[in-house]
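Enquirer: What follows is a single structure, and I will ask about it in a moment.
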Amino acid sequence: MSQEEAKGALASSSSSQNSERIWDCGDLNLTNGLLVILELALSEVGCGEKVRLRSCDRDGIADVRTWSRLSGHTLAFSQGTDFVEYEIEKGSARKLLLDGETQWGKRLFQNGSSPQGPAGEPVRASTGALAGLCTVPLQASPQRGFAPRGAALEVHSPAFSFTLNDKRQVWAAEVADLYDQAVANQWDGVRDIDWSSLPPLPPLLEQAVCQIMTFLVENEYSALYVPGKFISRINPQYMEVVLFLTTQLMDEARHIEVFTKRALANGGGLQVCTASTEHSLKCLFEQSDFSCASFLLSVLGEGTFVDLLRFIEEVAPDPVTADIVRRARIDEIRHVHFGMAHIRYLLSEDAGAVNMLMRAVFERSLVLRDVTSINELVTRSLAILAGGGIEPAQLKVGTGRVNGLLKLMDENRRKRLVSIGFSPEQAAEVSALHTPNFM
Ligand SMILES: [Fe+2]
Ligand SMILES: [Fe+2]
């Protein structure tokens, strides 16, 4: 007998057993246990099939009749001297909704239920395999609420207020792998950084480090709050995106933590935040479209920050500063990767969306036109670290290196833009309009 035949035979035998069976409910009534047996009995039959129950409590007939009517089932009953026998035909009012295909019979681990590979190696339960078991829908109903993708959901469940219900609004091809990488690469700002290796620095260098840390923390808040405000709007059918963005929040929280600690570690403290940076970040935070926000934050902003963090690592006057910006940069590369993968997916589905993205950059540049210039406090601090001090020769070297950084940021922005589907001309225009605040 094949597997399918065995399953069919099992179902048919179970169905005929159910139609014959009389469920003994003792003296239970609807309020003290009969309902449990009733629902169990009904769960074992399909719509239109009948179940039979016997109870010694004849006073409960009216309750069972009302319950059956409200639940959409059809009730018949007969009475003996000291019992009542119910026959209930299962209705369809409480039917279940299932978006997509059933998962029954599919396995996460292809070799069986045990997570062991053929060579005795543990099998990796990659998150990307989940989409193979239940397809990610192109459109998701807000009516699905928090019911997981693949689960059946009872009708009449309430609609939720998710606004990101289209795959192209949020999806990225590699998002599940990025989530796995993010989880595997979490680090600990308390234990993983050798804070004892931080030497006393000349005040000038310490102040430059503290000013840069202040600027980084300020920007990290935007990288935390922007995805944070969208998570609750994403339909959970796109669980991989929600899970990934949650790791991003954890990353940004850790960046805020270690950059704040570095500013305070040597007695310098947090320095100055400028109005222009605040204007730039406020404008980013107020983006209402997820794709535009992801583009501005991750592709343009965090992309530019990857270059900035690498530069700080190169010119850092102490090993702690170099270590924390190196670790943050590795996290940022993941965030940039997600942003690029999302925009690439969006443009593959809707090439016209490039105009929406360009408009978002343009409109932001208009808002910032009168208030934003390059943050002099930050560029000066970078130049001091890059030159090693404020002697004229040192400043000349430092300023030259900072100018080189700005040029590199522009080149890399344009490369990223071209790689996700912008023309070289569009890429040059967008990169030139990007906020001089970097983020
Ligand atoms: Fe960050
Ligand atoms: Fe980030």
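Just so it is clear, none of the values below were taken in a lab; they were calculated from the coordinates. All values reported here derive from a predicted model rather than from experimental measurement. Ideal geometry is used to build each Cβ from the backbone, glycine not excepted, and the neighbour counts take in all protein chains shown.
Enquirer: Hey, what angle do you get for helix 319-349 against the long axis of the chain, alpha-carbon based, 0 to 90 degrees rounded to 10?
Expert: 60 degrees
Enquirer: Given 0.36 nm per residue, what is the gain on full extension from L204 to N32 after removing their alpha carbon distance, in nm?
Expert: Details: separation 172, 0.36 × 172 = 61.92 nm, distance 7.77 nm.
Fully extending the segment from L204 to N32 adds 54.1 nm.
Enquirer: Under a cut-off of 28 Å between alpha-carbon atoms, report the lysines in cross-link reach of K396, not counting same-chain residues fewer than 8 places apart.
Expert: K407
Enquirer: Moving on. Rounding to the nearest 10 and keeping the result within 0 to 90°, find how far the Cα-based axis of helix 61-71 lies from the longest principal axis of the chain.
Expert: 40 degrees
Enquirer: Then there's this: Mind sorting E286, E121, E257 by how few other Cβ atoms lie within 10 Å of their own Cβ, fewest first? The partial results should precede the final answer.
Expert: Numbers: E286 12, E121 8, E257 16.
So the residues, fewest neighbours to most, are E121, E286, E257.
Enquirer: Once Rh for the stretch 228-327 is found with the Kirkwood sum over Cα pairs, what is the Stokes-Einstein diffusion coefficient at 4 °C and 1.567 mPa s, in µm²/s? Present the calculation step by step, with values, prior to reporting the outcome.
Expert: Numbers: Rh = 15.6 Å.
The diffusion coefficient I find is 83 µm²/s.
Enquirer: Roughly how many debye, to the nearest 20, is the charge dipole of the chain about its Cα centre, given +1 on each Lys and Arg Cβ, -1 on each Asp and Glu Cβ, and no other charges? Intermediate values should be presented prior to the final figure.
Expert: Details: 42 positive and 54 negative charges, 139 e Å.
It works out to roughly 660 debye.
Enquirer: I'm a student and want to see the number: the projected area of the Cα convex hull of the stretch 141-240, averaged over all directions, in nm². Please list the in-between numbers first.
Expert: Values: hull surface 38.7 nm².
Averaged projected area of the stretch 141-240's Cα convex hull equals 9.7 nm².
Enquirer: To continue, here is another question. Does the chain come out rounded, prolate or oblate, given a ≥ b ≥ c as the square roots of the eigenvalues of its C-alpha gyration tensor, rounded meaning a/c under 1.5 and, failing that, prolate meaning a/b above b/c?
Expert: Numbers: a/c = 2.89, a/b = 2.66, b/c = 1.09.
Since a/c reaches 1.5 and a/b is larger than b/c, the shape of the chain is classed as prolate.
Enquirer: On to the next question. Cα centroid distance between the stretch 184-254 and the stretch 119-151, in Å?
Expert: The stretch 184-254 and the stretch 119-151 have Cα centres separated by 28 Å.
Enquirer: To continue, here is another question. Taking the chain as a Gaussian network, where each spring joins two C-alpha atoms under 10 Å apart, which residue of N219, N403, N29 fluctuates the most?
Expert: N29
Enquirer: Now a separate question. So what's the angle, to the nearest 10 degrees on a 0 to 90 scale, between helix 353-368 and the longest Cα principal axis of the chain?
Expert: So the inclination is approximately 50 degrees.
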